[in-house]
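Visitor: Take this structure first; my questions come after.
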2 protein chains.
Amino acid sequence: MKAILIYSGGLDSTTLLQEYRDSIALAVTFDYGSKHNAREIAFAVENCKRLGIRHMVIPLDFIGKYFRSDLLLSGGEIPTGEYAEDNMRSTVVPFRNGIMLAVAAGLAESYELDTVLLANHSGDHSIYPDCRPEFIDAFDKAAAAGTYNGVRIVSPYCNLTKRDIALRGRSLGMDYSLTYSCYKGGEKHCGVCGTCRERKEALAGFDPTEYEA
Amino acid sequence: MKAILIYSGGLDSTTLLQEYRDSIALAVTFDYGSKHNAREIAFAVENCKRLGIRHMVIPLDFIGKYFRSDLLLSGGEIPTGEYAEDNMRSTVVPFRNGIMLAVAAGLAESYELDTVLLANHSGDHSIYPDCRPEFIDAFDKAAAAGTYNGVRIVSPYCNLTKRDIALRGRSLGMDYSLTYSCYKGGEKHCGVCGTCRERKEALAGFDPTEYEA
């Protein structure tokens, strides 16, 4: 496998970066105008440097400009309820994974890589339609059919929970202080937004994060 | 159907714009750094204005910067053989339709539209893997699964030839002087690149185009 990783700098994709480091030729972070992009990107850059993996930041300015989502700088306030609650739906960026996978598939063909790695997990399925297995399967077929070299989509954590991923990372010796999750994008994790709550649950017992609340 | 059209300003998608004008709420042109983008876009803007259809130009700068293709300003010379010849393979932009469809699906969800229209046709199948029916079918499933409102991909010309499209356009009263095809991007159509040759064949007998050669 010669892979490109879609890499946010968060808990899930940093674990995948660590676990598949020997197969990853290129990691790509997308700057799509979210409130937490700047902070995520700083962590992504740092982790790729540390592991010696080539890294690219691709701006997708049109998302911040034309798409509707409270996750974006152009959107409303980040809700502070549970991750899976309906109010978190306002943070969905329409077809974000579809867009990132498509760009990554094109890059993979350009650079003669055969696989796109994505760190979606089962906890995302209820809120994000483009994290579900049926979406990933269909997109995998589209990428294989639509590229000369038959690029495949691989999502090793698709049926794991975020807790499973964190435990897996711990067994790999991951230092989770080198990852960033908070949707608010502040210097410290807020501790109350949906992703901070989810992060706390995943890392319970070995959480190095300093939270505001 | 409330649709978004992926609209280049060329012969095929301008015919689709004309034929489906009553269902098209938004037309989107992608500026991905090709040699003929500037000229195509001018035609696209003009046709949307004429038909009173909302139009958006979305820059995809990363393609020109990172992707490899002779169609791009960053690539080599445009070959001047037959469209279907192997040398035209150098003009393939990896997974271009995948990327445009993904952005359009996200826009469709953002603007509460249910369909993405694409003007791919059977003459593209041999060179462009992301124009083939099996790609379109898989992407359609991915878009439907990956969006809240189940966006569908519709490609009415998928099994038509470019000649079929031109004849259809003629019966709709199309003026093909209002479209642009040439990969070289000059003021006049060059008449010898693959797409110019294909355009000539399609419009034979009623071609209003002034060619250099």
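The values are calculated or read from the model by the stated rules, or taken from the named source; none is laboratory data. Just so we're clear, the structure is a prediction, and the values are computed from it rather than from any experiment. Using ideal geometry, Cβ is built from the backbone for each residue, glycine included, and neighbour counts are taken over all protein chains shown.
Visitor: Any chance you could count how many residues in segment A:106-130 are facing chain B (nearest Cβ under 9 Å), within 21 Å of B:A145 (Cα to Cα) and surrounded by fewer than 22 Cβ atoms within 10 Å (Cβ to Cβ)?
Guide: 1
Visitor: Please work out which one of (1) over 22 Å from A:A138 (Cα atoms); (2) at the interface with chain A (Cβ under 7 Å from one of its Cβ atoms); (3) among the polar types (S, T, N, Q) is the condition B:T147 fails and give its number.
Guide: Answer for B:T147: the failing condition is (1).
Visitor: Looking at (1) within 17 Å of the chain's Cα centre (by Cα); (2) surrounded by fewer than 17 Cβ atoms within 10 Å (Cβ to Cβ), find the lone condition where B:Y176 falls short.
Guide: All conditions pass for B:Y176, except number (2).
Visitor: Just to be sure I understand the filter: pairs with C-beta atoms under 7 Å, separated by 6 or more residues or on different chains, first member in segment A:184-200 and touching a residue at least 60 places away in the same chain (Cβ under 8 Å), second member among the β-branched types (V, I, T) and not in a helix (DSSP H, G or I). Which pairs pass?
Guide: The qualifying pairs are A:K184/A:I78; A:V192/A:T80; A:C193/A:I78; A:C193/A:T80; A:R199/A:T209.
Visitor: Let me ask something else. Kindly indicate whether any position in segment B:82-101 is at pLDDT below 95, more than 25 Å from B:A202 (Cβ to Cβ) and out of contact with any Phe, Trp or Tyr (no Cβ under 8 Å at 6 or more places or on another chain).
Guide: Looking through segment B:82-101, none of the residues is at pLDDT below 95, more than 25 Å from B:A202 (Cβ to Cβ) and out of contact with any Phe, Trp or Tyr (no Cβ under 8 Å at 6 or more places or on another chain).
Visitor: When segment A:20-50 is examined, which residues are found to be over 30 Å from A:S69 (Cα atoms) and out of contact with any helix residue (DSSP H, G or I) (no Cβ under 7 Å at 6 or more places or on another chain)?
Guide: Across segment A:20-50, the qualifying residues are A:Y20, A:D22, A:S23, A:A25, A:K49, A:R50.
Visitor: Sort out which residues of segment B:158-172 are assigned to a helix (DSSP H, G or I) and either more than 15 Å from the chain's Cα centre (by Cα) or of a type outside the set (K, R) (or both), and write them in order of number.
Guide: Those that are assigned to a helix (DSSP H, G or I) and either more than 15 Å from the chain's Cα centre (by Cα) or of a type outside the set (K, R) (or both): B:R163, B:D164, B:I165, B:A166, B:L167, B:R168, B:G169, B:R170, B:S171.
Residues are listed down the side, and each one gets a yes or a no for (1) crowded, with 20+ Cβ neighbours inside 10 Å; (2) away from chain A (no Cβ under 14 Å); (3) in contact (Cβ under 8 Å) with a residue 12 or more places away in the chain:
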position	(1), (2), (3)
B:H36	yes, yes, yes
B:I41	no, yes, yes
B:L60	yes, no, yes
B:K65	no, no, yes
B:T80	no, yes, yes
B:T91	yes, no, yes
B:P94	yes, no, yes
B:I99	yes, no, yes
